[in-house]
Each structure stands twice: as structure tokens, then as C-alpha cells.
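Asks: Just passing along the structure, written as C-alpha cells.
Any read-out appearing in this document is the output of simple, stated calculations on the displayed coordinates, not a laboratory observation. On a predicted model such as this, the values are computed, not experimentally measured, just so you know. So basically every Cβ, Gly included, is an ideal-geometry build from the backbone, and we count neighbours across all protein chains shown.
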Amino acid sequence: MYYGWIITITLAITETISWGILFYAFTVFITPMEAELGWGRTEMTGAFSLFVVIMGVMAYPVGSWIDRRGGRWLMTAGSVLGSLLVMAWSQVTDLGMFYLIWMGLGIAAAATLYEPAFAVVTTWFVRRRSAALALITFAAGLASTIFVPLSDALLHAHGWRNAVLMLGIVLAVTTILPHALILRRRPSDMGLLPDGEPFNAEMPPAPQTGFTVREALHSRAFWVLTIAFTCSALAAQAIRVHIIPYLMEQGIDASSAALASGAIGLMQVGGRLVFAPLDSRYSGRVMVAGVMLEEIGRAHV
């Protein structure tokens, strides 16, 4: 098997676990933390909002690091940091410390979630890049489907503090070593070309494609897409964070609310199965326009 596929399968697993614990599990613990610690929901979700902001701010330094050194040690360090901070979250009693923990988790998430994983995979594939990225997103699309109900089950069996501590241990055991031992910077380190083609020293280098940062910042398309995706993500993630507390306030029990939240991830995977075969038939512009129209229709309904 071409080593790029081993990296892809590894990232499919670690991304599912990282998204499930660092991002989706938070909504399960809002209500029990509110009851025990006496903090307002606005105060707690404010920490999560800061987490998302930090992720965005860290995007450029993370991308620069990957361009220069690859993603192996960055993702390993991010997994170590994320695991330790999730464990620290389980012991928190001070709101200020809670905010500091989630700021640190924003850094850890920027170093471990989709963006660095995609950057690693695109180095190893050209012709099969879409298939490799699809494999990761199909698997990680189930993160909420797995970890929201799992977090709820741990919460009811062990209390929120022990549940969060267990999730931190799971994150450490399942992501640190795979990132450290399996990820590699580029195919040429193993005498290969992208997609597993045999390396030939006499072969001319592939032409560089893409845009410089200056060119992108002066492109209208860049800003239109940035604003569109930002608004879409803002609306979608606001629903994901608040859905379980909201459903519980409407009289739905916590476990049913967790299953409903997890079902969103299952539908994400279904949507990707629908759109993935269309990738070879339609341009990226048409695909993005179709997704945005679907989002607008859903919001209207």
C-alpha cells in the first residue's frame, strides 16, 4: 500500500476522535457544569467562542509551520496539549482558568483538526487527492454521532468531571503516538512521488500552482468565499453548541437530546456521499454554489 494511504487512514481515525472530544463534546457538559459551578450559560459559551476565535487566529502560523516543517510534530504537540488541557478542564473551579483552558484548546485544535490534516494529505496526493480528503471527512463526519452520545453516557455513569477526564485520556492514547510515529512530511522522504509514483531523479519538478498570500488578499473571490463560509460556519456551530441545552429546556431528556445532536453528524456523512460523486462532474464553483443554496433553503425552512 502506498504510504500516503496509511497516513490518510491514520488521520481519518485521529480527526474523528479529535473533533469529537475537542469540539463536539462541549455541548453535553454545559448543563451539568451550569448546575454545579453556578456559571451562566453565556459565560461558558463565551469560553467556547474564544476557543473558535483562537483557532482562526492560529491558522496563519500553523500554515506557515506546515509549509516549512510539515505537520508531524505540530500535530503531535497539538495532541499532547489538547489532552492535557481536556484533563485540566475536568478539574476546573475558576471561571478565569476555564477561559485560559479553552484559549489553549483553541491552539491545540488549530494544530490538530482539519486544516493541518488536509495540508498533510495534499502533500501526498495529486490525482487521488479528492478521494483521500473524502475518506477523512467521511470518517470525521461521524465524530458527533459517536462522541456526543458517548459523552452523555459517561456523564450519566460517572459525573461530568470524570467523564471529561476520561475523554482527555482517550484523546491522549489514540492521537499522540499515531501522529508522532506515522505522519511524514512528504513522499520524497521515502523515495516516492505523490500518489505513489516511482521517484525518478531525472524527472523535472512539477510546476507550482496556487496563489501567493498577496494575490489571494487582492482577489474578490477570496473575500466573498471567506465571508460566505464564515457566516455559514457561525450559524451551523451556534446550533451545535446550544442544541442539547435548548432541547432539555423544551422537556426532552438529556440522552435523547444527545442522540438528536449526534444525528446531525450522520446526516453530514450522508450529504458528503451525495456530493462526492459530483466532484468529478462539476466545477468547484458549481459545487460551492449548490451547497450554499442548500444552506439558505434549510435556514428558510
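Asks: What is the fewest-to-most order of L50, L154 by other Cβ atoms lying within 10 Å of their Cβ?
Replies: Taking fewest neighbouring Cβ atoms as first place, the list is L50, L154.
Asks: Nearest 10 degrees, 0 to 90: what angle lies between the long axis of helix 129-140 and the longest principal axis of the chain (Cα atoms)?
Replies: That helix lies at roughly 10 degrees to the long axis.
Asks: Rounded to the nearest 10 degrees, what's the angle between the helix 72-89 long axis and the longest principal axis of the chain, both from Cα atoms, 0 to 90?
Replies: That works out to roughly 0 degrees.
Asks: Further, regarding this structure: Please rank Y282, Y114, fewest neighbouring Cβ atoms within 10 Å first, as an exposure proxy. Numbers along the way, then the final one.
Replies: Working: Y282 12, Y114 16.
Sorted ascending by nearby Cβ count, the order is Y282, Y114.
Asks: Across the Cα atoms of the chain, what radius of gyration and what greatest pairwise Cα-Cα distance (Dmax) are found, in Å?
Replies: 20.1, 69
Asks: While we're here: Any chance you could give the angle, 0 to 90 degrees and rounded to 10, that helix 114-124 forms with the longest Cα principal axis of the chain?
Replies: It is inclined by approximately 20 degrees.
Asks: Looking at region 67-148, I'd like the Rg to Rh ratio, where Rg is from alpha-carbon atoms and Rh is Kirkwood's inverse mean 1/r.
Replies: Details: Rg = 15.4 Å, Rh = 14.4 Å.
My calculation puts Rg/Rh at 1.07.
Asks: Only four residue types carry charge here, +1 at the Cβ of Lys and Arg and -1 at the Cβ of Asp and Glu. Report the dipole size of the chain about the Cα centre in Debye, rounded to the nearest 20. Mind dumping the intermediate values first?
Replies: Numbers: 18 positive and 18 negative charges, 158 e Å.
So the dipole magnitude of the chain works out to roughly 760 debye.
Asks: For the chain, what is the calculated [θ] at 222 nm in deg cm²/dmol (nearest 500), taking -39500 (n - 2.57) for each run of four or more DSSP H residues and dividing by its residue count? Mind dumping the intermediate values first?
Replies: On the way: 13 runs with 229 residues, N = 301.
That comes out to -25500 deg cm²/dmol.
Asks: A further question follows. If you look at just the Cα atoms of region 16-114, how large are its Rg and its Dmax in Å?
Replies: According to the Cα coordinates of region 16-114, Rg and Dmax are 13.9, 46 Å.
Asks: To make sure I understand, if each residue's beta carbon is the centre and we count other beta carbons within 10 Å, what order do W65, W124 fall in, fewest to most? Each step should come with its number before you reach the end.
Replies: Working: W65 17, W124 26.
By the 10 Å Cβ count, ascending, the order reads W65, W124.
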